[in-house]
1. Among Asp313, Asp299, rank each residue by its count of other Cβ atoms within 10 Å, from fewest to most, as a rough exposure measure.
2. From the backbone phi of the stretch 63-70, what are the Karplus-calculated ³J(HN,Hα) couplings (6.51 cos²θ - 1.76 cosθ + 1.60, θ = phi - 60°) in whole Hz, Gly and Pro given as x?
3. Can you run phi through the Karplus equation (6.51, -1.76, 1.60; θ = phi - 60°) for the stretch 362-371 and list ³J(HN,Hα) in whole Hz, with x for Gly and Pro?
4. May I ask you to evaluate 6.51 cos²θ - 1.76 cosθ + 1.60, the Karplus curve with θ = phi - 60°, for each residue of the stretch 296-303 and list the ³J(HN,Hα) values in order in whole Hz, giving x for glycine and proline?
5. If you count the DSSP beta bridges with both ends in the stretch 169-281, what percent of them are antiparallel, to the nearest 5?
6. With +1 on each Lys and Arg Cβ and -1 on each Asp and Glu Cβ, how big is the dipole of the stretch 3-145 about its Cα centre, in debye rounded to the nearest 20?
7. Structure shown: which of Lys90/Lys314; Lys202/Lys237; Lys202/Lys314; Lys237/Lys359; Lys202/Lys260 lie over 29 Å apart, alpha-carbon to alpha-carbon?
8. Which cross-chain or sequence-distant (5 or more) residues have an amide H under 5 Å from the amide H of Met53, H modelled 1.01 Å from N in plane?
Amino acid sequence: MNIVEKIRKLHEDQHRRNAPPVSASDIPLSFEAMSPQWLSKVLCKDVPGAQVMSRQLGPVDNGSSNRRKLQVTYNDAGQQAGLPSKLFCKASHDIANRVTLGVSGSLLGETTFYNEVRPILDIEAPVSVFANYDDESFNSILMLKDISDDVESFCSHETPMSKQRVESQMDVLATMHSRFLQSPELGTILSVLPSFAGYLRKSMTFGFESGANQGFLDAESVIPPALFKRFPEIWKKTVESTELQDQLPQTFVHNDVHVKNWYIMPGDRMGLSDWQCCTRGHWSRDLAYAISTACTVEDRRVWERDLIRYYLDKMEQAGAPKVSFDDAFTYYRQQMFSVLGFWTITLAPPPDLPDMQPKDITLEFVRRITVAMDDIDSIDSL
């Protein structure tokens, strides 16, 4: 029995039993199973006498994870304590989500981020009130404080990204990367995370290579012809560039910093969400991913080198060792391959994966990334 078949069997067994969650450590099998009694155990555990009296679920929103907004009402003790009433929940209730998030290590990564990393990281990012997963069936639940009322806007590929906004993205990444660069936490709280190379190897189990290759071919209309002709080299260089990360200084990396995972706070201050792909790795992949997806092609061509220098300056100001622009630019060029792979597989997901993004958005990101790769000659950087 392979890992996908095992997850499918555990998923079916759990739903056959369909036992409601009893303790706070239990993980509900559906959002509907999050009863006021269970929510009280999770949300009110530190406030004597507090209880959840009722709850209301928002619309279904499924993609790489199962998502629902949740509004709860408390008794007087809960209200007086200021317990959070608006929550954003992510889960892996469906089999396809369990396969994608469980096999790759994403559930471990996101749970580790919210339980261990977020409390000691000074950046704009959501805060969790509960995060847990089952390491056999890969059922999971993550409950975040809903930030919708504080955010000016959540980003999309159509969000106007000024240079100031992209520099704010660089601020967030430099703060995170410098905080954990070759830090003691790599041997403690972060030691449970795979390297990014390990993450990619695990993802091969559910067809990452075949999906990424098919997506590349399906996206021919938006890929520069010179790059498309070199299709036979793309996956080999994806693996090569990913394995190269293990030879470079390690830090904590987000790994999925496309512009849709960012939000804008007052003053054009950027925040970063969706931490389900985080691992240990080299900072250059986050840098390449953020710049190539946030900027239009025209803006990236004008700002690219300035943004890399800005990021390097922020890293050095935070105490990281100085890295020359030439070295950083080489790393940046090399790490574009797996950035592209994240979006070509989204265009052609294998049978066990869910549809994660609308086709028009996926094609736009493939276009931005491949034009960047063509502009900076990524394919000959290795």
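Readers should treat all values here as calculations from the given coordinates under stated rules, not as data from a laboratory. What you see is a predicted model, and the numbers here were worked out from it, not measured in a lab. Heads up, the Cβs are rebuilt from the backbone with ideal geometry, glycines too, and the neighbour counts pull from every protein chain shown.
1. Values: Asp313 13, Asp299 17.
Ascending Cβ contact count within 10 Å gives the list Asp313, Asp299.
2. x, 5, 9, 8, 10, 8, 7, 9
3. Along the stretch 362-371, the couplings run 4, 5, 5, 5, 4, 4, 4, 5, 6, 5 Hz.
4. My calculation for the stretch 296-303 gives 5, 4, 5, 5, 4, 4, 7, 9 Hz in order.
5. Details: 7 of 8 bridges.
Once the DSSP bridges in the stretch 169-281 are tallied, antiparallel ones form about 90 percent.
6. On the way: 16 positive and 16 negative charges, 68 e Å.
So the dipole magnitude of the stretch 3-145 works out to roughly 320 debye.
7. Over 29 Å apart, Cα to Cα: Lys90/Lys314; Lys202/Lys314.
8. The list, which skips near neighbours in sequence, is Thr73, Tyr74, Asn75.
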